[in-house]
Amino acid sequence: MNTAKILIVDDEKAIVQMIEIVLRKEGFEHIYTAGTAAEGMALLQERGADVILLDVMLPDRSGFELGPWIREQSKAHLIYLTARTTDLDRLTGFAVGGDDYVTKPFNPLEIAARIKARLRRKTEESTAASVPADPRRRYDFGGFVLDEKAGELLVRGVPVPCPAQAYQLLLFLCRNPNIVFSKSQLYESVWGFDMSDDNTVMVHIRKIRERIEPDPGSPRYLLTVRGLGYKLTRGSLT
């Protein structure tokens, strides 16, 4: 049995029941459900969570409004569930602290797969953290430096906050410079399972460029290779 705590906040009872049934069949024991933002906030404070499935359109408060509060309270993996499918909605979800974004209708087995992948990667990261850090794990690209030991992104010498998933994507690319990766390869390598989500990858590429590029519209480090994918290079300083 999986001991991870899963919090589902959604006012559509049929969806909640469907997800809960599938998650229990997949071995998850500790599943808590709430139909409103207030109930979800209370449960999170009372019991904690490793993964939160959060509906955007709740009866008392928007899930987007709840995102920043969750980020202050918890390091749980936050997956937004919503029928809103525009790029703006997806970007908003990531901007307010979401780690993933799933549109309705969805296959609950996909939800289970995403949760397992996130928990597996969290375990791998914890294991890696227990190993003495290698001081050489500092990736210097001239205009920016990623210090893996410190978990810090420095852009022109200044620390710049970086969301967890964007940081993991940038770290993967720093470890593999000058190699072209397709969106599906990046998704599998960073999110942990083979289920390509082009929009998710593109959103996080954009987040990285907004942080490391002098001009995100004309990137010099994180380049698009038309028809193939993306690669990280050392660029050229001006």
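Just so you know, all these numbers are worked out from the coordinates, no wet-lab data involved. Bear in mind the structure is a predicted one, so any value in this text is a computation, not a measurement. No Cβ is skipped: glycine too gets one built from the backbone with ideal geometry, and neighbour counts run over all protein chains shown.
Figures for the structure shown
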| item | result |
| --- | --- |
| Rg/Rg_globular for segment 138-232, with Rg_globular taken as 2.2 N^0.38 Å and Rg from C-alpha atoms | 1.00 |
| Segment 150-194 - convex hull of alpha carbons, volume per residue in Å³ | 85 |
| Cα pair distances of the chain binned at 10 Å [whole percent] | 7, 31, 34, 20, 8, 0 |
| Lys/Arg +1, Asp/Glu -1 at C-beta; the chain dipole; positive extreme among ASN107, LEU58, LEU169 | LEU169 |
| For peptides 154-166, 61-73, sequence by mean Cβ density within 10 Å, most packed first | 61-73, 154-166 |
| Sequence-distant residues sharing a close amide H with TYR80 (under 5 Å, placed H) | LEU54, ASP99, ASP100, TYR101, VAL102 |
| Mean separation of Cα contacts under 8 Å, 6 or more apart, over the residue count of the chain: relative contact order % | 13 |
| Segment 1-60: GluC sites (Glu not before Pro) falling in loop per DSSP and having at most 16 other Cβ within 10 Å | GLU12, GLU26 |
| Student exercise, the chain dipole from Lys, Arg, Asp, Glu Cβ charges, in Debye to nearest 20 | 860 |
| Diffusion coefficient, µm² s⁻¹, Stokes-Einstein with Kirkwood Rh over alpha-carbon pairs of segment 2-129 at 4 °C and 1.567 mPa s | 89 |
| Debye, to nearest 20: dipole size of segment 138-232, +1 on Lys, Arg Cβ, -1 on Asp, Glu Cβ | 240 |
| Segment 48-58 - phi-based ³J(HN,Hα) in whole Hz, Karplus 6.51/-1.76/1.60, Gly and Pro as x | x, 6, 9, 9, 10, 9, 10, 6, 7, 9, 9 |
